[in-house]
Amino acid sequence: MLRDGALQGKTIIVTGGGTGLGKSITRYLLTLGANVTICSRRQAVIDETAQELTTELAAVEGVGRILAVPCDVRNPQEIENVLAQTVETFGRVDGLLNNSAGNFISPTERLSYKAFDTIVDIVLRGTYYFTLAVGKYWIENKISGTVLNISTTYATTGSGYVVPSAVAKGGALIMTKSLAAEWGKYGIRVNAIAPGPFPTKGAWDRLFPEPLASLMDDPGSRIPLNRVGDHGELANLAAYLLSDFSGYITGESITIDGGEVLMAGEFSHLRDVTDEQWDEVSKSIKQANRASKS
Ligand SMILES: CCCCC/C=C/C(=O)SCCNC(=O)CCNC(=O)[C@H](O)C(C)(C)COP(=O)(O)OP(=O)(O)OC[C@H]1O[C@@H](n2cnc3c(N)ncnc32)[C@H](O)[C@@H]1OP(=O)(O)O
Ligand SMILES: NC(=O)C1=CN([C@@H]2O[C@H](COP(=O)(O)OP(=O)(O)OC[C@H]3O[C@@H](n4cnc5c(N)ncnc54)[C@H](OP(=O)(O)O)[C@@H]3O)[C@@H](O)[C@H]2O)C=CC1
């Protein structure tokens with residue numbers, strides 16, 4: 001979507017950049033000329049992704065460089081290390097994409113305290129720890145940086161069976177808006193994206209597991225646009241929100257879900273009613289109208 005070189009000179013940290021959506025967004029940021037540091041717990045995974053993207057994009061003119069640094073986002077020292085290594089390698093940091101997450105479906109009453117903590121710590125604590133570290137660095141160095149948090153549609157609607165994730169994503173969303181208000185005076189922008197279903201192994205293994213295959217609808221089937229999302233569509237939006245082209249947008253969460261949340265509307269499920277059925281419905285209602293007038 002953005003023109004070649006649109007992110008030239010920018011350095012962006014992508015948490016969870018070794019897999020899934022983080023990897024797809026990283027690929028696009030590099031293509032647009034940004035230098036990218038990817039981090040997550042599994043060193044082998046981020047190293048392999050860095051190697052793969054370097055090879056894959058070698059022929060792209062103006063492509064950015066990639067650095068992989070292991071980090072558990074629940075650990076402030078490891079976050080500080082990612083920041084220090086990024087500044088040492090690329091000279092500065094301009095953007096932070098909080099994309100790391102943990103999640104799985106479960107009835108809430110079956111969760112141990114530790115299970116609940118694990119999700120909230122990765123998603124909420126990890127997001128505010130990383131944002132705090134990078135924000136302090138920006139304020140100290142007078143850099144007008146940009147934070148982008150990967151949220152989800154149920155951060156605002158809530159959802160059963162993923163309660164720790166909903167709690168944590170909801171908290172991160174309020175942080176997005178609160179910090180946008182507070183740090184605007186430093187030129188720092190803080191936004192979020194709320195994706196609907198975008199197939200990744202990490203999400204599908206834990207949210208649409210095989211034993212429930214016969215019970216769960218195909219996630220695309222309940223979406224007005226009749227399909228799941230494409231990684232390129234999300235990467236476009238992320239690149240825009242991390243770029244200077246979105247310079248007047250802050251505190252926003254942009255939903256990208258093919259209209260899925262709109263299906264909560266009382267009558268939205270009637271989209272499968274046929275024309276013949278609508279003819280009958282119309283006749284029936286008009287008859288009732290006439291009866292009510294007589
Ligand atoms: C499609 C529509 C919208 C979708 C929105 C999507 C949101 C997403 O976030 S998708 C991203 C999914 N990706 C991931 O989750 C990747 C990372 N995940 C993981 O590494 C694990 O799944 C993790 C979150 C459980 C963390 O792993 P780890 O740190 O190794 O933790 P443990 O394995 O030690 O488990 C901690 C704790 O949690 C209990 N637990 C784990 N899985 C389940 C489960 N399915 N049901 C119930 N409890 C579970 C585990 O037993 C541990 O608790 P204790 O037993 O008390 O020790
Ligand atoms: N796929 C979808 O349909 C949707 C996804 N999302 C959001 O998109 C983002 C990416 O999810 P997706 O790509 O699907 O799933 P993935 O499982 O591929 O991505 C999650 C990433 O988080 C990293 N991670 C997990 N725990 C930690 C930790 N403690 N410290 C650092 N990194 C960690 C994982 O790496 P590692 O294991 O190496 O640490 C992994 O790379 C998440 O925020 C998710 O909530 C939102 C809505 C829909």
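Computed from the coordinates by the stated procedures, all read-outs in this text should not be read as laboratory data. Source: prediction; values computed, not measured. Using ideal geometry, Cβ is built from the backbone for each residue, glycine included, and neighbour counts are taken over all protein chains shown.
Sorted from greatest to least, the principal axis extents spanned by the alpha carbons of segment 11-267 come out as 51, 41, 36 Å. Rounded to the nearest 20 debye, the dipole magnitude of the chain is 700 debye, with +1 charges on Lys and Arg beta carbons, -1 on Asp and Glu beta carbons, and the Cα centre as origin.
A Gaussian network model of the chain, with springs between Cα atoms under 10 Å, assigns the largest mean-square fluctuation among Asp94, Asp272, Asp117 to Asp272.
Relative to the longest principal axis of the chain, what angle (0 to 90°, nearest 10) does the C-alpha long axis of helix 20-31 take? Value to nearest ten degrees: 60. Contact order for the chain, expressed relative to its length and based on alpha carbon pairs under 8 Å spaced 6+ residues apart, stands at 17 percent. Straightening the chain between Arg110 and Leu262 buys 51.7 nm, computed as 0.36 nm per residue apart minus the Cα-Cα spacing. Non-local lysine pairs in segment 11-267, meaning eight or more places apart or on different chains, with alpha-carbon distances under 29 Å, amount to 18. Its residue count N fixes a reference of 2.2 N^0.38 Å for segment 149-294, and the Cα radius of gyration divided by that reference is 1.40. Helix 275-293 versus the longest principal axis of the chain: what is the Cα-based angle in degrees, 0 to 90, to the nearest 10? That works out to roughly 60 degrees. Pairs of C-alpha atoms in segment 1-57 farther apart than 13 Å represent 55 percent of all such pairs. Stretching the chain fully between Asp218 and Glu276 yields a gain of 18.2 nm (0.36 nm per residue, less the alpha carbon separation). The angle between the Cα long axis of helix 43-56 and the main principal axis of the chain comes to about 90°, on a 0 to 90 degree scale.
Label-point separation (nm) for Tyr248 and Glu182, each offset 7 Å from Cα along Cα-to-Cβ? The answer from the label model is 2.7 nm.
Put simply, segment 1-137 fits an ellipsoid with semi-axes of 28, 17, 13 Å; these come from the alpha carbon gyration tensor as the roots of five times its eigenvalues, largest first.
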